[in-house]
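Just below is one structure, and these are the notes that go with it.
Nothing in this text is a laboratory measurement; each read-out follows from the coordinates by a stated rule. All values derive from a computational prediction rather than experimental measurement. Cβ atoms come from the backbone with ideal geometry, glycine included; neighbour counts cover every protein chain shown.
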Amino acid sequence: NAGVTQTPKFRILKIGQSMTLQCTQDMNHNYMYWYRQDPGMGLKLIYYSVGAGITDKGEVPNGYNVSRSTTEDFPLRLELAAPSQTSVYFCASSYSKVGRWEPPYGYTFGSGTRLTVV
Amino acid sequence: ILNVEQSPQSLHVQEGDSTNFTCSFPSSNFYALHWYRWETAKSPEALFVMTLNGDEKKKGRISATLNTKEGYSYLYIKGSQPEDSATYLCALHTGRRALTFGSGTRLQVQP
C-alpha cells in the first residue's frame with residue numbers, strides 16, 4: 001500500500017517557468033489537500049478537494065491551480081513561478097463519510113516536494 | 001483568519017525527562033483537534049484526533065488532553081527518548097474547509 005505519493009521530490013525552477021506537482025493516493029480517500037510549508041511557519045492550505053470534480057481555494061491559492069478528475073489524483077499546477085513560491089509542498093488525503101458530516105480521520109501526508117524558484 | 005497557537009516553539013530535554021506542550025485555539029466552532037508527529041526529512045504522521053471536551057488519548061508514552069470550553073489541548077511525553085525528537089503539530093477542524101495547523105513545537109531529546 002503506497003499511501004500518498006508525491007513527485008518530484010526536489011525541483012529548481014527559473015522565474016516565469018511552469019510546472020505540475022503530482023499527487024496520487026491509493027486509499028480511496030475522498031478528501032485531498034495541498035499545503036505549503038515555509039521556514040518557521042505552519043502548514044498553509046493552498047487548495048483542497050472533497051471529491052472528484054470538486055475543488056476549492058484555501059488560504060494561499062494565488063499563483064496555483066488544481067484539478068481533480070479522478071479520486072486518486074490531485075495535481076497542483078504552478079504558472080509563472082515566482083521566488084515567493086519557494087517552499088516545501090505537501091499533498092495529503094483523508095476520508096470522511098459522505099452524506100453525514102463527521103470529523104475527518106487523520107490526514108495521510110505525502111513525503112513532500114522541495115521547490116526552489118531562482 | 002483562524003489562529004492556532006503552539007507553545008513553546010522549541011524545547012530541549014534530557015533523555016528520561018517528561019515534557020508537555022500546549023496548543024491553543026478559538027473555542028467557537030470547534031469540531032476536532034488533531035495532533036501530528038513530524039520527524040525531520042519525513043512527512044507528518046497522525047497521532048490523535050480528539051473531538052469531545054475532556055477527551056484523553058494515549059499512545060505508548062504519549063498522551064493528550066482536550067479542553068474545548070477554554071480552547072486548549074496538552075500533549076505529554078513521559079520519559080522522553082531520543083527517538084521522540086520531532087516537531088509536534090496540532091491542527092484544528094472547524095467543520096469548514098480543511099485543517100488549520102499551528103506552527104509546531106520542535107522537541108530535541110538529548111541522550
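Computed values, structure above
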{"quantity": "For the range B:28-38, 3J(HN,Hα) per residue [Karplus equation, 6.51 cos²θ - 1.76 cosθ + 1.60, θ = phi - 60°, Hz, x = Gly/Pro]", "calculated": "7, 6, 7, 10, 7, 10, 10, 10, 10, 10, 10"}
{"quantity": "Convex hull volume per residue for chain A, taking Cα atoms only, in Å³", "calculated": "100 Å³"}
{"quantity": "Net charge over other residues, Cβ less than 13 angstrom from the Cβ of residue A:5 (K, R count +1; D, E count -1)", "calculated": "-2"}
{"quantity": "Residue-count net charge about residue B:79 - beta-carbon cut-off 10 Å; Lys, Arg +1, Asp, Glu -1", "calculated": "-1"}
{"quantity": "Rg to Rh quotient for the protein assembly as shown, alpha carbon positions, Kirkwood Rh", "calculated": "0.97"}
{"quantity": "Sorted by Cβ density within 10 Å, fewest first, the residues B:38, A:34", "calculated": "B:38, A:34"}
{"quantity": "Ranked A:12, B:62, criterion: other C-beta atoms within 10 Å, fewest first", "calculated": "A:12, B:62"}
{"quantity": "Globularity ratio of chain B, using Cα Rg and 2.2 N^0.38 Å", "calculated": "1.02"}
{"quantity": "Local net charge near residue B:47, Cβ-Cβ under 11 Å (Lys/Arg +1, Asp/Glu -1)", "calculated": "+3"}
{"quantity": "Cβ-placed point charges (K, R +1; D, E -1), dipole of the protein assembly as shown about Cα centre in debye, nearest 20", "calculated": "320 debye"}
{"quantity": "Of A:96, A:4, A:30, farthest towards positive along the dipole that unit charges on Lys, Arg, Asp, Glu beta carbons give chain A", "calculated": "A:4"}
{"quantity": "Shielding by partners, peptide A:36-49 (average Cβ within 10 angstrom, other chains)", "calculated": "3"}
{"quantity": "Spatially proximal aspartates and glutamates relative to residue A:57 (Cα-Cα < 20 Å; intrachain offsets below 8 disregarded)", "calculated": "A:38, A:72, A:73, A:79"}
{"quantity": "Spatially proximal lysines relative to residue B:78 (Cα-Cα < 24 Å; intrachain offsets below 8 disregarded)", "calculated": "B:42, B:57, B:58, B:59"}
{"quantity": "Residue-by-residue Karplus 3J(HN,Hα) for the range B:45-62, coefficients 6.51, -1.76, 1.60, Hz, glycine and proline x", "calculated": "10, 5, 9, 9, 10, 10, 10, 9, 4, x, 4, 10, 10, 9, 9, x, 8, 9"}
